[in-house]
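Step one of this worksheet: look at the structure below.
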Amino acid sequence: MKGTILGHGFISGEDGKRYEYGLEDLKNLGDRNPMKLENTEVDFEISEQGRAINIFIIKASNPSSASASKNIKGKVLGNGYISGDDGERYIYHPSEIQNLQGRDPQALSGVSVDFEASTDENGKKVAKAIFITMGATPTFDFTNINSNDIMGVRLKMLISMFLCLLTWIPFLGWLFFIIAIILEFISISRLNQLAGSQTLFRNWIISMLISVFGGGAVAIIGFFGVGIGVLSGSVGGASALGIIFTIVSGIAVAIFWFKYTYHYYNELSELSGKRLFFYAFCTKIAGVLLCLTLVGFVIAVPLYYISIILIVAAWWQFREIHTSSYQRVEAN
């Protein structure tokens, strides 16, 4: 694909998207100054992570046009204004933001951006072609509870996990559990839509169903195993057959749970850009495996709480939606 270097490590592709790149990806830099490549035309490839790689300069920048186009960094102040690093304030319209990625355009205060500075016909300083480079510091703002952007999803998930910790309370525990599941259902469903994923919500649903009903299904299968043994006239064989059925079905349920839970947490890690989700999954699996041993149970309990802490930390840091390999597989 062809494109133009905007500066600050970004390329504007001919498809209208912006791609981040590193200096190591410039293959024919020569004696050019890598910090002065604005408006340089390049040809490049796109990696699986959505970055520009194998970049080749095909036409050097024009000094006159480079000075006419001013790309600077700044921070969104809110109410349609950006404070530029040059000390000036710029007016912007939400339609100029190139990578909202599930954010609410009205809730961008504190977000760092890269943009083209220009002047309108009235002489006002205007920000064009705005690209979000770093999200604002996460906050626990209850005004986002009804928001349909990523901040609303994040808040509902944090509340859901807090309610899960209250399920031990007599009588009210079940109510907290039901509310927590409803909030998680709404959050994952919305995140699935924001990310354009066809697998995240599906994997979550299957993982939850197996977690809730898997044990009961294994018990029923084992019961039928005993029943078949009794009908065959073998009482001792009935017990053995029931045990075998229970073990085999338990292993099958565990494999399916592992598969869908793994894909759920792995996709969350890619969408958020935070590996904490995947580390939480690994910690949870380690705890489950240790529970199978009498000695390991003592270690499994702390691992369970560590996994919860990791998940809470991951959702707390979830500020923007990234492209995931699951989206690319579905697209192909």
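The values are calculated or read from the model by the stated rules, or taken from the named source; none is laboratory data. Predicted model, so just to flag it, every value in this text is computed and none were measured. Every residue, glycine among them, receives a Cβ derived from its backbone with ideal geometry; neighbour counts consider all protein chains shown.
Taking the criterion of being part of a helix (DSSP H, G or I) and over 15 Å from ILE308 (Cα atoms), the residues of the stretch 270-285 that qualify are GLU270, LEU271, SER272. For the stretch 28-49, check the following and say yes or no: at least one residue is free of Cβ contacts under 8 Å to residues at least 12 places away in the same chain and outside any loop (DSSP other than H, G, I, E, B). Checked against the condition, which is being free of Cβ contacts under 8 Å to residues at least 12 places away in the same chain and outside any loop (DSSP other than H, G, I, E, B), the stretch 28-49 yields no hits at all. Of the set (1) within 24 Å of PHE201 (Cα to Cα); (2) out of contact with any strand residue (DSSP E or B) (no Cβ under 9 Å at 6 or more places or on another chain); (3) modelled with pLDDT under 80; (4) outside any helix (DSSP H, G or I), all apply to GLN327 but (4).
Of the residues screened, GLU121 is not one that is of a type in the set (Asp, Glu), farther than 24 Å from THR4 by Cα and modelled with pLDDT of 85 or more.
So how many residues does the stretch 1-27 have that are loosely packed, with under 11 Cβ neighbours inside 10 Å and not acidic (Asp, Glu)? Final tally of qualifying residues: 1. Taking the conditions (1) modelled with pLDDT under 75; (2) of a type in the set (Lys, Arg); (3) more than 18 Å from ALA117 (Cα to Cα) in turn, LYS36 satisfies each one other than (3). Note on the stretch 49-79: residues that are within 26 Å of the chain's Cα centre (by Cα), modelled with pLDDT under 85 and farther than 25 Å from ALA127 by Cα total 1.
Pairs are defined by a Cβ separation below 9 Å, a sequence spacing of at least 6 or placement on different chains, a first member in the stretch 79-94 that is in contact (Cβ under 8 Å) with a residue 12 or more places away in the chain, and a second member that is assigned to a loop (DSSP other than H, G, I, E, B) and small (Gly, Ala, Ser); the pairs so defined are ILE91/GLY80; TYR92/GLY80; HIS93/GLY80; PRO94/GLY80.
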